[in-house]
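Take a look at the structure set out below.
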Amino acid sequence: MTETATPEIHSGLEHRTELRAAWDALRQQQPNLRIRDAAHQLNVSEAELLATNCGGTVQRLQANWGQLLLKFESLGQVMALTRNNHAVHEKVGTYHSASVNGPMGLVVDRDIDLRVFFSHWEYGFAVTEEGKGGVRRSLQFFNKHGEAVHKVYLREDSNAAAYDELVSQHRSEDQSGLIEVTEQPITSDRPDAEIDFAGLYTEWRAMEDTHQFFGLLRKYNVGRLQALRNAEADLARPVALNAVHRALTIAAEEQLGIMVFVNSTGVVQIHSGPVERIVVTGPWVNVLDPGFNLHLRQEAIASAWIVRKPTTDGVVTSLEVFDEAGESIALMFGERKPGKPELEGWREIVARLEAEA
């Protein structure tokens, strides 16, 4: 007697087949269309679209994501990619010095520097795809909404055998390609009148470490941009919307080391060091250096702020940009390590940005 699929599974498989056909048709029309943009056009998540190739060019993974992260070092030199809606951060390096502490992970290598939040890692896939330079292999991870949180791309000199072993060990038995994603909830800040700004700013001025800032936002239940918008000028000041482009250009001209942070829901990825080649392409401001690429959609920046946080090493200054929804796009600092004061050259760049504003 032949078993038949339940109506739910049958419906899911039909949807997967139809979605894959729609994607194939879209690629015929737009051969260079990226999967993220294709998903947007088809009104689905990137993970749902990727999963339509499960069992073929895509292998679904099943693992303790923290333990899997610790194995990335075996891949050798790779490209780590973290993005949000308006910025893409790419770093070439090795996952040296990775550590996991419960739901959090760290990679603190000079080249690949990450803060990882595994509670936002829901799905993982090994992907083989044809690119302009030949076959590209990667590990890709998504949150429960189907949004990418982190991707790891092999390079020519990566350890392909280690990749094959890792995929073999963690390949899920379920290659149906059926995944369930939930809609991204719409959140909003509390009304300003309900926030204890006096308490927030008193504690802000008493900070000893920049990492305390997130805890303060959570303690006072206030949005990051909301906190900046209501702050006095010694703590936060608005600057021109082109401030990131200006800061990158000046840092490149002066060969000044900077730090660039871009976050997804599940990863913060950091570049530390100089930048050299700054290129504007359409709406995008790009850093196109051998080991670091940044792509930032300039037209998406709705506000830009200079933010000052006291620490035991002196005041630390950041440039922070947000989109129209108040979501963080990217942060920039002068390059520094704990125990070291902020670079004077970075403070001079900040002063120029404030003067231009």
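Laboratory data are not the source of any read-out in this text; all were calculated from the coordinates shown. All values derive from a computational prediction rather than experimental measurement. Positions of Cβ are generated from backbone atoms using ideal geometry, with glycine treated the same way; all protein chains shown enter the neighbour counts.
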### Local electrostatic count, Ala233, Cβ distance below 10 Å [Lys/Arg +1, Asp/Glu -1]
-1
### Message
Just to be sure I understand: with springs between alpha-carbon atoms less than 10 Å apart, which residue in His120, His89, His211 has the highest mean-square fluctuation in the Gaussian network model of the chain?
### Response
His211
### Task
Quick one: work out Rg over Rh on the C-alpha atoms of the range 167-241, Rh as Kirkwood radius.
1.26
### Task
Would you mind giving the average projected area, over all directions, of the Cα convex hull of the range 192-356 in nm² with one decimal?
9.7 nm²
### Message
What does the charge count around Leu75 come to, taking other residues whose C-beta lies under 15 Å from its C-beta (Lys +1, Arg +1, Asp -1, Glu -1)?
### Response
-1
### Query
Hey, any idea what Rg/Rh is for the range 209-274, computing Rh the Kirkwood way over Cα pairs?
1.02
#### Entry: Residues Met207, Met104 arranged by fewest to most Cβ contacts within 10 Å
Met104, Met207
### Message
Let me check the size of the range 1-135 from its C-alpha atoms; what are the radius of gyration and Dmax in Å?
### Response
17.9, 60
### Task
Output the pairs from Lys71/Lys309; Lys91/Lys337; Lys144/Lys219; Lys71/Lys219; Lys144/Lys309; Lys71/Lys337 with a Cα-Cα distance over 31 Å in this structure; if there are none, say none.
Lys71/Lys309; Lys71/Lys219; Lys144/Lys309
### Query
What does the charge add up to near Gly131, with Lys and Arg as +1, Asp and Glu as -1, over the other residues with Cβ less than 14 Å from its Cβ?
+4
### Calculated log₁₀ intensity ratio I(q)/I(0) where the Debye formula runs over C-alpha points of the range 97-231, q = 0.20 Å⁻¹
-1.29
### Task
Kindly put Met332, Met79 in sequence by how many other C-beta atoms sit within 10 Å of each C-beta, fewest to most.
Met79, Met332
### Query
Please state the relative contact order of the chain as a whole percent: Cα pairs under 8 Å, 6+ residues apart?
16 percent
### Query
Of the GluC sites (Glu not before Pro) in the range 158-191, which ones lie in a loop per DSSP and count no more than 10 other C-beta atoms within 10 Å?
Glu173, Glu180, Glu183
### Cα extents of the chain along the three principal axes, largest first (Å)
76, 48, 42
### Query
Which of the trypsin sites (Lys or Arg not before Pro) found in the range 117-192 are loop residues per DSSP with 10 or fewer other Cβ atoms within 10 Å of their Cβ?
Lys132
### Query
Counting every Cα pair in the range 99-171, what percent are over 18 Å apart?
51 percent
#### Entry: Over the range 28-94 - Rg/Rh using Cα atoms and the Kirkwood inverse-distance radius
1.02
### Message
Cut-off is 10 Å between beta-carbons; in what order do Phe292, Phe125 appear when sorted fewest neighbours first?
### Response
Phe292, Phe125
## Note on the structure
Taking Cα pairs closer than 8 Å and at least 6 residues apart, the relative contact order of the range 192-356 in percent is 23 percent
### Query
Calculated from DSSP H runs of 4 or more alone, at -39500 (n - 2.57) each and per residue, what is the 222 nm mean residue ellipticity of the chain, nearest 500?
-8500 deg cm²/dmol
